[in-house]
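Notes follow the structure.
The values are calculated or read from the model by the stated rules, or taken from the named source; none is laboratory data. This one's a predicted model, so the numbers in the text were calculated from it and none came from an experiment. No Cβ is skipped: glycine too gets one built from the backbone with ideal geometry, and neighbour counts run over all protein chains shown. Areas reflect the complete protein model, heavy atoms only, side chains present, ligands, DNA and RNA absent. Shrake-Rupley method; radii C 1.70, N 1.55, O 1.52, S 1.80 Å.
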Amino acid sequence: MTRSMVDPASDRPLPGTDSLPAVFMRGGTSKGLILHRADLPARQEDWSALFLALMGSPDAYGRQLNGMGGGVSSVSKICVVGPPSVPGADVDYTFAQVMVDEARVDFGGNCGNMSSAIGPFALDEGLIKVAGPEACVRIHNTNTGKIIHAFFPMEGDKARVRGDFRIPGVSGTGAPIRLEFLDPGGASTGKLLPTGQASQWLDIPRRGRFRVSMVDAANACVLVDPQSAGLTGIEMPAELTARPDVLEMLNDIRIHASVAMGIAGSLEEARGRRMIPFVGMVSPPQDAVMLSGETIRAEEVDLTVRMISSGQPHQALQLTASLCIAVAARIDGTVAAVAARRDDSRKELRIGMPSGILTVGAAVRQDAAGWVAERGYFFRTARRLFDGRVYPMP
């Protein structure tokens, strides 16, 4: 049966929107729809209305019950995969963050968690062929223009799903997927340190002064010293959600940092960009309770982090933000480097966050031109949950 779908904002018909082939996958601590580029309108400008209709946005109730979204930013995501458009890549991947309560889709950055699903998707969908016990899929993220290498084990001619690797925030285990971000610096702004400073005071009218570092690796982040904001750095997501004054303060930091980093040309423009820069509170290792009720001990981590994503406190960590933090922790003078436990014998950084401990590695060097982020890496798991056809909200 053919049905004509319309853009809820304009009542105009949406092109090709009877239904679409789709895969629903978990990637790391996120979930989202993955679509083939060939099944979408030719112009990316025509995708937003369709994606809103697929996910059930905007939803004044904040639940997206009439679509595939789950009411929070980590499960309101869409990925588009197609043939590569640049040399050295096997596939193109475009990430879309669909807002829950707004009629808006943000293509401004990448999602590291969903990036872990792209290699297995491309292989299992027949977009690429791999022989041998391990696959390496070279992914071109069109949002940032960066290349990601995804390494994962094979089972026959498919990506292996079962394994004993466990990641914080996800029940069960799976096959490990190593994601290696090459040359991640300047993914959003073109500069690793967009303001040219490792750290600085950010003055916000009627708010005060905040000690921050504005760093751009994999995705742009503004990292805040929580003490300068009157916070401890171990507030839990529910506590932050219950304090709208704190969320408004952190959003003001994001807005002013967006202008300082050159992401937005004005405060008004920055208010309309909710994805980047991510806002993170970084503090020294400290005891903190996890969502599970267990306690992370200070000696188990090198840094404590709380992140805000699309205006919502994150229950885990965005992987691109984690990579950015790992890079920042190796740049002398950043708030992350000052707060982090230094151990030159260990390459990885152990980050304590609400869902547990995340380990991420980064290689950074300093030359005559300044700091350079060579690469960053971490491990995830991913799993196909459903495939079939998805119907936009009428």
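Some observations on this one:
- Proximity of backbone amide H atoms, modeled 1.01 Å from N, is registered between V390 and L20, A22 at under 5 Å, excluding neighbours fewer than 5 places apart on the same chain.
- Simple rule: put +1 on each Lys or Arg Cβ and -1 on each Asp or Glu Cβ in the chain, find the dipole, and look at M275, P41, C79; the Cα lying farthest toward the positive end is C79.
- Alpha-carbon centroids, the range 177-226 and the range 47-73: separation in whole Å: 29
- The HN-Hα couplings worked out from phi for the range 125-142 by the Karplus form 6.51 cos²θ - 1.76 cosθ + 1.60 (θ = phi - 60°) are 8, x, 6, 9, 10, 9, 10, x, x, 9, 9, 10, 9, 9, 9, 9, 7, 6 Hz, whole numbers, x standing for Gly and Pro.
- Of R43, R254, the residue with the largest accessible area leads and the full order is R43, R254 (1.4 Å probe).
- If you wrap the chain in the convex hull of its Cα atoms and look at it from every side, the mean projected area works out to 19.6 nm².
- Here the range 52-141 is assigned +1 on the Cβ of each Lys and Arg and -1 on the Cβ of each Asp and Glu. Its dipole about the Cα centre then comes out at about 20 debye.
- Heavy-atom surface of the chain, accessible at 1.4 Å and reported per residue (Å²): 42
- Cα-centred dipole magnitude for the chain, charges only on beta-carbon of K, R (+1) and D, E (-1), debye, nearest 20: 280
- Order by protection proxy (mean Cβ within 10 Å, highest first), peptides 127-135, 79-87: 79-87, 127-135
- Whole-angstrom gap from the range 266-306 to the range 327-364, using each part's C-alpha centre: 13
- Other-chain or far-sequence residues with amide H under 5 Å of G233's (modelled H): none
- Helix-only mean residue ellipticity at 222 nm for the chain, each DSSP H run of n ≥ 4 adding -39500 (n - 2.57), per residue, nearest 500: -4500 deg cm²/dmol
- With every protein chain in place, the chain: carbon and sulfur % of accessible area (1.4 Å): 49
- In terms of Cα atoms, the Rg and Dmax of the range 27-181 work out to 15.7, 49 Å.
- Within the listed set A368, A187, A159, the Gaussian network model of the chain (springs between alpha-carbon atoms below 10 Å) gives the highest mean-square fluctuation for A368.
- Extreme residue, positive dipole direction of the range 143-253, given options A229, F181, L247 (C-beta unit charges): F181
- Computed magnitude of the charge dipole of the range 238-394 (debye, nearest 20; Cβ of K, R +1, Cβ of D, E -1): 540
- Comparing L123, L179, L231 in a Gaussian network model of the chain where C-alpha atoms under 10 Å apart are linked, the largest mean-square fluctuation is found at L231.
- A dipole drawn for the chain from +1 and -1 charges on Cβ atoms has a positive end, and of I204, M114, A217 the residue lying farthest that way is M114.
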